[in-house]
Structures are given as C-alpha cells and as structure tokens.
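Notes for the one structure printed next.
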Amino acid sequence: MPTTAKKLVSALALGTFATTAACGGTDAATEDIELRMSVWTSNEDQLALFDSIADAYIADHPEITSITFESLPFEEYNTTLTTQIAGGNAPDLAWMGDLSADLIDSGALVPLTDALEGTEGWDYGDLLPSVTGEFSRDGELYAYPFSNSPFALYVNTDLLAEAGQTFDPAGLTWDKVSEIGAAVHDATGKGGFVVNDFNYSSWNTLATIWTGFGATAWDTDGTECGFTSPEMTEAFTFLHKAIYTDESMPGPGTTADFFAGDAAFAVAQVSRAGNLDGSFAYDIAPLPAGPAGDYSVIGQAGMGVLASSPNAEAATGFLAYLTNPENAAQLAQYFPPPRQSLLTGEALAANNEKFTAEQLQTVVVDQIADAVTLPNHTNPAEIAQKAKTELDAMWAPDADIPGVLASVCSAVDPLLVAK
Amino acid sequence: MGRADAATGYLFIAPQLVGVLVFVIVPVGLAIWYSLNDWNIFTGQLTYVGGGNYQAALDDPALPSVLGATAVFSGGVVALNIVLGLALAVMLNRRFKGAVLFRTLFFSPVVVSVVAWTLVWGFLLQDNGGVNGVLALVGVDGPNWLQNGPTAMVAVTFTQVVRSVGINMVLFLAALQGVPGELYEAARLDGADPRRIFFRITLPLISPTLLLTAIITIVGALQSFAQIAVLTEGGPGLSTTVLVYYVFQQAFSFNDIGYGSTLALMLLTFVMVLTVIQWQLRRKWVFYED
Amino acid sequence: MRTETAPRPFGPLARRIALYAALIVLAAPFVIPTLWMVASSFKPLSEIFASPPSFFTDSPTAAAYGEAFAFQPFARQYFNSVYIALVVTLIVLLVSGLAGYAFARIRFPGRNLLFVVVLIGLLVPSEVTIVPLFQMFKQAGMVNTHWPLILVTAFAAPCVLATFIMRQFFIALPVELEEAARLDGLGRFGIWRRICLPLARPALSAVAILTFLSSWNLYLEPTVYLTSPELFTLPQALTRFTDPYGGEMWNTQLAAATMTVVPVLVVFLIAQRQFVESLAHSGLKG
C-alpha cells in the first residue's frame, strides 16, 4: 500500500488537470521492449498460434522481451480500445473492425506500406486490391486486412425438405429465397430467412441484401447519404414485404436462430460455420442474386500499429513478420487471407471440418476479389445509432418506407458531412 | 475536553472525508473541466470550447425526448419499487410457514448479476418468448413487448423493479419489525381497522426508512444502465433512451467525452435537486426527524 | 369507505390459501428467470433459444460447467471477486464506523457541512466520475490492477451509504452508556472501540451485507479498468464467454452465472433472519 498510496498522491498533485498527455512516439526504448496487441478472439487455438509466431520472433530479436496478446470481448472491443487510447494506455498493435476509419483519420495508426514493401520476401503485390481499400488512405495502407470473410447463404436443408421445398443454388434470387422461406414458414412455423446479427438493430448487416439491389449506404467518398436512392427504397420494400406480407423473414422481437434450427436460410459469414452442431443437414451457397445481379460482400478485420506506441518501430517490425507469406499461411487456417496466393479452396479446407474444398472455393475464394465491404465510416457508432433510431419506424406493418428512409438521411447527413 | 474532542472528531471522519474528496469531488471537478472542452480521444488533444457543449445540449433535438423517458422511467421505478417493496414487506412480516423462503425468493434477483438477469428477461420478453407464452395460456395475446415504445418502457421498468425491489423489501421488513407491538394492540382495542392502522401508525413510524429507500431508489433508477443497454438499446426510436444511457453513448460509444461529461453533470444536477427537495420535505412527513 | 361492516370474505384457511396463492404468483417473475438460467446451463447450445422456450432438455449436459473453467481462469476470477469484496467490506466497516460515530456523537465545528459534503458521494452517478477517475488511476499506474475497484467502492458511494447508516444508528444509541465509560476514564477512541462498536454489531452486519453486494455486483468499473482475464471479477467475466467470432457461448455464460449466484443465495437463505434483524436494530427502524 505505501508505494501505491504515494503514487496516488503524486498523481493527484500532477494530474488534477489530467489530460491524456499522450506519450507521442518517442522511440527511446531500444531494449527490453514489451509489445502488447489487442485482439478480440479468445479462442485458445488462435491465441496459441499467435503466441508461437511471437515466440519465434522474439528468439531472433533479443531487444524484445515479450509480446502479449490481450483478448478484449468482441462486444465491447471498440469501447475498451478507445478508453485505453484515451487513457494513454493504448496497446502497441491492435485488431480493428469498424473503428479503422476513425483511427486512420485521426492519425492514430502508423502507415505500413513502406515498411511492408521493404520487408524482404513479404511480397506486397500479393495483396488483393479489393481487400486493402477499406484500410487505406491516399494509397497508403494503415492496417493489414488479415480476415476477409465473405457473407454466404446458409441453408437448413432438413427444414426445406420438411416443407417439401428444394434448393438449387444455380440462378438463385432473393425473390426465390423469400418464396421458399414463406413456404417453410407456412409449413413448419419456423423462420424463412434471417440476416445473422441484424436483430433489427445492426442495420449495416443489411448491406448483404441491399448491395444486390444496387444500393449503397453512402457514396464512395462517404459524404452523401444513399438511403433515399430508388435502389435502397426497392431493397427495403423487399424486406418489408418479406416481413409483413410474405412472412418469409421473422419480424422484430421474434427469436429465430438459424444455428438452433429455427430458420430455413441465414445470411452469415463463412467463419460462423463453427456454430453448426450437426443437429440438422445444411448447405452453403454464395449470396443470391438481386435485381442488380450477382454480388459479394465481405466483413473485414485488420491489424495495425498505434502511433502512440513508444515502440512503434518494433511493433511494425513484428507486424511485418506476423503477416509475411509463411505466417499468413498459418493465419489462413482461421481467417480468409488477403493474399492471392493463399486463396484456394484446398488451403481453406485444411482446417475446416464443416465445408468441402469446392464449397469453400465457391463461397469464399471466388467471392473475395470482387467483394464490397460492409458500410464503414468515421464515427461509426454515432452513425449506426442515429440511423437505427430512425429505422425503428420501418419495422411496423404500415410503415411509410420512403418517409423512414428520408428521415434516416436527415439524421445521418450531418455526420457524413462532418467527415 | 472540547478542543481535543473536536480534533478526535476530525480524525474520525478524515478517512471518509478524504475518500470522498479524492474519489468523488475531484473527479466531478475534472468532469466540469472536460465539459468545457472538446476532446479528440484518438490524439489526446483537448480544445477549450467554453460553453459550446452546453449550447449543444440546448440544441440537441434528442434531449427533450431523453429527459421525458428519464422522468417516466425513474418515476415508474421509484413508485413501483416503494409500493411493491412495502407491500411485500407487510405480507412477509408475519409468521407463517414459508415466510423465510419467500423473503429469499423475492430478494434473490438482487444477487444475480444484472447482465445475466437482463439477458434472461430479454429472451423471455421476445414476441415468441416465455412471457407471451404464459399470457397465451390464459387467453391473452401478448404484445411484442420490446418493439414498441410504451410496452418497451413497461418492460424495462418492470425488470428493473423486480431486480431491485428485494433491497427495499428487506429495509421495510426491518423497519416494520421495529414498530412496537403494543401500538398495534392499543389501536386494535380502540377499534381501528387494518387500513387505518397502516396509514396512521405503521407508515408514520417507518417514514425514516421511506426517506432512505426513496433516495437510494431514485439514485439507482437514474443510474440503471445495463437494463436499457441489454434489453432495448434505448429503442425503439428513442423511447427508452434514458439520460444515463445517452451519457454512456456520447462518452463511450461516440467518444464525445466533452458532451458526455456535460450531460452527466446535468444528470448529477437532477439527482442533487431531487435529493435536496426530499431532504427539505422530510420535516413535513418524516415522523422522527430531529 | 369503511370496511368494518363488511363480512369477512373467507375464513383463516381460505385466507391462508389466498396469501400463498398471491405470493406464488408474485414470486414467479422473481424466480423463473433464475430457474431458467440454471436449467438452461444444462442444455446444449442449440436448445437454449429454441422456441417455444422450454425448461428442460432431453439431453442434459454439464459440459458448460467444465468449459467455464477451461475458457477463462474462472476459479481465479471467483477468488478475485471474493477477496475484493471482503477487503472492501472490511475497509468500509472501519471507515464508516469511525465517521458515522463522529458525525453522530462528537461536536466539532463544520460538522453538518462536512456531513453534507460526504453525502454528495452518495449522489454522484458513476458515469460522471468514471472518465476522470480513469485518468487519475492511469496517472497513478493503477490501471489493470484491483486498486481502483477497491478504493472507489471502499470510499465513495457504498461507503457513504454505510456512514449514513452508522450515523443513524449511533444517534439512536443511549448516551448514558458512554458517560459511564467516560467516568471510568476511557477516551473517545476507547469508548468507540470498547463500548460503541460492540453495540453496533447489528448496524455493522447490515453495512457489511450491503457493501459486500455492491462490490460483488460491480460491473461498469471492472469493465473499464481491467483488461487481463486473470484479474477479472465475476460480473465482467460472465460476459466474456464468446466464441472466436464474438458469438456468445450462452450455455457457458449461464453455467458461470449459476455458479456465481447460487452460493450467495444459499448464504442469504441461511443468514437472512439475522440480516433482517440486523437491519431492524440498525437504526433504520421506525
């Protein structure tokens, strides 16, 4: 207690106006470097893999004494990470999802392009252009997109059979999915199709549908709201009809978990296959075509180096090692990789018990090159919240669809412009 | 011995006083400082904006709705919590088989982690969930609780009350057991009916406890965050976005610490005003007060 | 409306049955969620959210209980929660015992003003202070340690409530006892230690229980301050049972939640008579 108490007293003396005084990147420490990387997985196999790669790196780099992987829970990941950054307690490296735009814009990430290109054998040209865009600004890469998991259509073939329906992935459209879903709901009382994680709250997951209608949440600059476009109106009209007229999509407040066998179809990332427990027969297919034709959507995760780290250089060095072709191949066991050379059905099937190499070829490999990502923007939480508040009015049988979409745009417009 | 005694007095309260200064008063001062600044959380830069955040609060179109929801939620929780707590205490303040068991049952949610508790309720309150399943048994077609404003408010209020009423029940039980039996006897001999006895004797005698529970319950209601976060996320629309949830969103989700601090200070002001009012009124209705 | 002329609707037996019926109906929303939590912790993951919901499963499994320990250092986290709550409770007993006594019994200039200052600690919502406190603890190098959880609970709101309760108790304590002790030559500290504290046992146990519960249920603070799983406390640990993609491992969460709730309930069941009686004699009585 005495030392801690002393610390507290001195902190109070010093820190009365405790602004962060964020220790800017002074590269003072050249030995006894301890690196910390925030991740949201707590899967032991994945952490063991990261640890083994880190151990190999430390063996060759005596100045680094330890590399720890700190698991933060997925749900509170952004909040915890930003609290740590605000508190001047940021990790040296971090995984990131929709926080990336804010981090890049505020200069909180170290640019990686030169370091990676300059690392021997790293082969920067191997990265697919479709997966680096989200983590780049002005041609500079700020985070390595280690996971690029396409959304796919999961099918409960048992439920379809029970309702006397058959499933043919060739030429599948959203209208057809809705039709089969309605038939399953009529026959079994279970749900038709669900969008996983949407729960009438995380509306950005609906991009897995509206992209098929040619709609986007905002333009590529992220300055103009796209919810009032005719394509978006068409997409939401389809959803509304599916919920309230055809009853092919379970309404709000109705639990229908595909993985518990409660729905015929689910849109979910391929990486969710671990939730299939074998209690029903399943199939997987690329997302159905919409009025705008075939399309693919991926959810991404990147890893980057925080500029506030006093050891940013060492951290960048480790990131380059962690993502070099050999280690990227190991990571690909768990995360669909950004490297062209690693994207083959066989490679992905090596550690996947749920799907065959052919299935993975069609729903993963063939999709990534042309995929769009889920909507991403600076200030993601506030945009998500503002739009959600307005969209709640959409989920009623007599909703005024264009009216609600217009109110979504007026709610998010100020935030888009603020960019 | 006056002066030495006074010195002992200061010594005795010193740990508590210093604790409150360090862990409450200084942080409140810092929060006021933050509320006068915009804070870029990623770069750590504070920009002095003076009353900018306060102006933003006045201009915030969502705030009236948030304050309304806060009033409805807190009012509902406090009223129900005290009435139900008192009713349970009166019922269980008798000797009968199972009284102890029932006390434990009504108290049990207090020890359940609020997150676990709310998750379970979130599931039970689904349109096809357990609550509507039970209602269907008695022929009632239950509403889609969490999906429209009024019923969502009922749901979050109800789950908060059920979770926290056990504390009030126990406090009231303790108070009731402190009421001397002779008073009841005398009243009964005078021919007073039970209702009269309750309102004329019991209630005045336990009024200090009522004051304490009212304060604890209001403070608790104004701070209940997890229920809203897990059950409704403040929706549908803004219907269940109470001030504490809004503060949390601004400060921790949107990373607007300056504005979040401004709103938090507003919450603090409400709590203070309500407490001062209650404290001033206590002489009017609290039986024993000095 | 006068009721005394109305005939009694039912006799003692019927009354009793009515009382039990009312209590059982009332108890349902208090009990069913907990029971469902316990029952569901024995279900396979896919059955937990099956609709319509059910209490029982055809294939009960205790695997989730093992998983809870395999997935996180759950035993360690259990220990953390217990020891933090105990340390906090001890500090609060001491601090509030001293302060409550002084505010009730010792006359010193500024007493009432200082009491109001202390009471502010009860009213400030944690949302106001959490960001500044985080900054302060960060400066002190105490982030990702148990110090913030111990210090804030042991001196801020829960302790202030305790001080308030202790003050109410000591105000009601007959002053003659102290005067006798003073004649015997005891000083203030001696009086407090030898006479008043032993008499305050009921109030102290009430304070102990309330303090223990507030530390035990703390959620926001550990979430903000702690990042290493081996330092987590239980309420925080409960939300961390997620699969690699952020999907919740419901059955493991429910099993872990069950393990955190049941012991406390058992203790309360055993101790509740004393608990109620302590409160009854703690000065909170009418």
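The values are calculated or read from the model by the stated rules, or taken from the named source; none is laboratory data. Note that the structure is a prediction, hence the values are computed from the model and not measured. Here the Cβ is made from the backbone with ideal geometry for all residues, glycine too, and neighbour counts use every protein chain on show. Note: areas computed on protein heavy atoms with side chains; ligands, DNA, RNA excluded. Shrake-Rupley method; radii C 1.70, N 1.55, O 1.52, S 1.80 Å.
Among the residues of the stretch B:114-132, not a single one is surrounded by fewer than 19 Cβ atoms within 10 Å (Cβ to Cβ) and in a helix (DSSP H, G or I). Note on the stretch A:202-233: residues that are open to solvent by 50 Å² or more (accessible area, probe 1.4 Å) and touching a Phe, Trp or Tyr at 6+ places or on another chain (Cβ under 7 Å) amount to 2. Could you go through the stretch B:202-211 and let me know if any residue there is more than 13 Å from the chain's Cα centre (by Cα), assigned to a helix (DSSP H, G or I), hydrophobic (A, V, I, L, M, F, W, C) and more than 22 Å from C:VAL207 (Cβ to Cβ). Yes, there is a match, as at least one residue in the stretch B:202-211 is more than 13 Å from the chain's Cα centre (by Cα), assigned to a helix (DSSP H, G or I), hydrophobic (A, V, I, L, M, F, W, C) and more than 22 Å from C:VAL207 (Cβ to Cβ).
Has the stretch A:333-342 got any residue that is surrounded by 18 or more Cβ atoms within 10 Å (Cβ to Cβ), out of contact with any helix residue (DSSP H, G or I) (no Cβ under 8 Å at 6 or more places or on another chain) and not small (Gly, Ala, Ser)? So far as the stretch A:333-342 goes, no, none of its residues is surrounded by 18 or more Cβ atoms within 10 Å (Cβ to Cβ), out of contact with any helix residue (DSSP H, G or I) (no Cβ under 8 Å at 6 or more places or on another chain) and not small (Gly, Ala, Ser). Those helices (runs of 4 or more DSSP H) of the stretch A:317-400 that lie entirely within it include none in which at least 3 residues are within 14 Å of chain B (Cβ to nearest Cβ) and over 24 Å from A:ALA235 (Cβ atoms). Here B:GLY29 meets each of (1) more than 7 Å from chain C (Cβ to nearest Cβ); (2) touching a Leu at 6+ places or on another chain (Cβ under 7 Å) with one exception, condition (2). Taking the criterion of being within 12 Å of chain C (Cβ to nearest Cβ) and not in a helix (DSSP H, G or I), the residues of the stretch A:265-298 that qualify are A:ALA268, A:GLN269, A:LEU276, A:ASP277, A:GLY278, A:SER279, A:PHE280. Before we move on, is C:SER46 at pLDDT 90 or above and part of a helix (DSSP H, G or I)? No: the conditions fail for C:SER46. Looking at A:PHE258, A:PHE236, just one residue is at pLDDT below 95, open to solvent by less than 30 Å² (accessible area, probe 1.4 Å) and of a type outside the set (Val, Ile, Thr), and that residue is A:PHE258.
Here B:ASP290 passes the criteria (1) at pLDDT 85 or above; (2) open to solvent by 20 Å² or more (accessible area, probe 1.4 Å); (3) outside any helix (DSSP H, G or I); (4) more than 8 Å from every other protein chain (Cβ to nearest Cβ) except the one numbered (1). Answer yes if at least one residue in the stretch C:119-128 is of a type in the set (Ser, Thr, Tyr) and either in contact with a Gly (Cβ under 8 Å, 6 or more places away or on another chain) or surrounded by 24 or more Cβ atoms within 10 Å (Cβ to Cβ) (or both), and no otherwise. Within the stretch C:119-128 (the criterion being of a type in the set (Ser, Thr, Tyr) and either in contact with a Gly (Cβ under 8 Å, 6 or more places away or on another chain) or surrounded by 24 or more Cβ atoms within 10 Å (Cβ to Cβ) (or both)), the answer is no, since none of the residues qualifies.
Does the stretch C:26-38 contain at least one residue that is outside any helix (DSSP H, G or I) and open to solvent by less than 60 Å² (accessible area, probe 1.4 Å)? Within the stretch C:26-38, not a single residue is outside any helix (DSSP H, G or I) and open to solvent by less than 60 Å² (accessible area, probe 1.4 Å). More than 13 Å from chain A (Cβ to nearest Cβ) and either touching a Leu at 6+ places or on another chain (Cβ under 6 Å) or not small (Gly, Ala, Ser) (or both) - does that describe any residue in the stretch C:229-240? Checked the stretch C:229-240: at least one residue is more than 13 Å from chain A (Cβ to nearest Cβ) and either touching a Leu at 6+ places or on another chain (Cβ under 6 Å) or not small (Gly, Ala, Ser) (or both).
Considering only the stretch B:33-51, I want to know if a residue exists there that is open to solvent by less than 50 Å² (accessible area, probe 1.4 Å), part of a helix (DSSP H, G or I), modelled with pLDDT under 95 and not hydroxyl-bearing (Ser, Thr, Tyr). No; the residues of the stretch B:33-51 include none that is open to solvent by less than 50 Å² (accessible area, probe 1.4 Å), part of a helix (DSSP H, G or I), modelled with pLDDT under 95 and not hydroxyl-bearing (Ser, Thr, Tyr). Across the stretch A:131-142, the qualifying residues are those that are open to solvent by less than 30 Å² (accessible area, probe 1.4 Å) and either in a helix (DSSP H, G or I) or not assigned by TED's automatic domain parsing to the domain that holds A:TRP95 (or both), and the one among them that is nearest to A:SER106 (Cα to Cα) is A:PHE135.
Of the residues making up the stretch C:96-118, those that are within 8 Å of chain B (Cβ to nearest Cβ) and open to solvent by 10 Å² or more (accessible area, probe 1.4 Å) number 7.
C:ALA180 satisfies every condition listed in (1) open to solvent by 30 Å² or more (accessible area, probe 1.4 Å); (2) assigned to a helix (DSSP H, G or I); (3) without any contact (Cβ under 8 Å) to a residue 12 or more places away in the chain; (4) within 11 Å of chain B (Cβ to nearest Cβ) except (4).
The helices (runs of 4 or more DSSP H) falling completely within the stretch A:28-118 that include 2 or more residues that are within 14 Å of A:PHE318 (Cα to Cα) map to A:44-60, A:113-117.
Residues in the stretch A:239-248 that are over 17 Å from A:THR205 (Cα atoms) and crowded, with 17+ Cβ neighbours inside 10 Å: A:ASP246, A:GLU247, A:SER248.
Picking from residues in the stretch A:308-319 that are more than 12 Å from A:ALA115 (Cα to Cα) and in contact with a helix residue (DSSP H, G or I) (Cβ under 9 Å, 6 or more places away or on another chain), the one that is most open to solvent (accessible area, probe 1.4 Å) is A:SER308. Can you tell me which residues in the stretch C:125-139 are touching a helix residue (DSSP H, G or I) at 6+ places or on another chain (Cβ under 7 Å) and away from chain B (no Cβ under 11 Å)? Within the stretch C:125-139, just C:GLN139 meets the criteria. Under 6 Å between Cβ atoms, which residue pairs at least 6 apart in sequence (or on different chains) link something in the stretch A:31-49 that is more than 12 Å from chain C (Cβ to nearest Cβ) with a partner that is small (Gly, Ala, Ser) and assigned to a helix (DSSP H, G or I)? Partner pairs satisfying both residue conditions: A:ILE33/A:ALA314; A:LEU35/A:ALA315.
Here A:THR211 fulfils each of the conditions (1) touching a Ser or Thr at 6+ places or on another chain (Cβ under 9 Å); (2) of a type outside the set (Phe, Trp, Tyr); (3) modelled with pLDDT under 95 apart from (3).
Here is a yes/no grid of residues against (1) touching a residue at least 60 places away in the same chain (Cβ under 8 Å); (2) outside any loop (DSSP other than H, G, I, E, B); (3) not assigned by TED's automatic domain parsing to the domain that holds C:VAL87:
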position: C:ALA104; (1), (2), (3): yes, yes, no
position: C:PRO109; (1), (2), (3): no, no, no
position: C:PHE115; (1), (2), (3): no, yes, no
position: C:LEU122; (1), (2), (3): no, yes, no
position: C:LYS138; (1), (2), (3): no, yes, no
position: C:LEU149; (1), (2), (3): yes, yes, no
position: C:PHE169; (1), (2), (3): yes, yes, no
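Taking the stretch B:142-179 as the range and being open to solvent by 50 Å² or more (accessible area, probe 1.4 Å) and in a loop (DSSP other than H, G, I, E, B) as the test, only B:ASN148 passes. Taken as a whole, the condition of being crowded, with 18+ Cβ neighbours inside 10 Å and not in a helix (DSSP H, G or I) does not apply to B:THR262.
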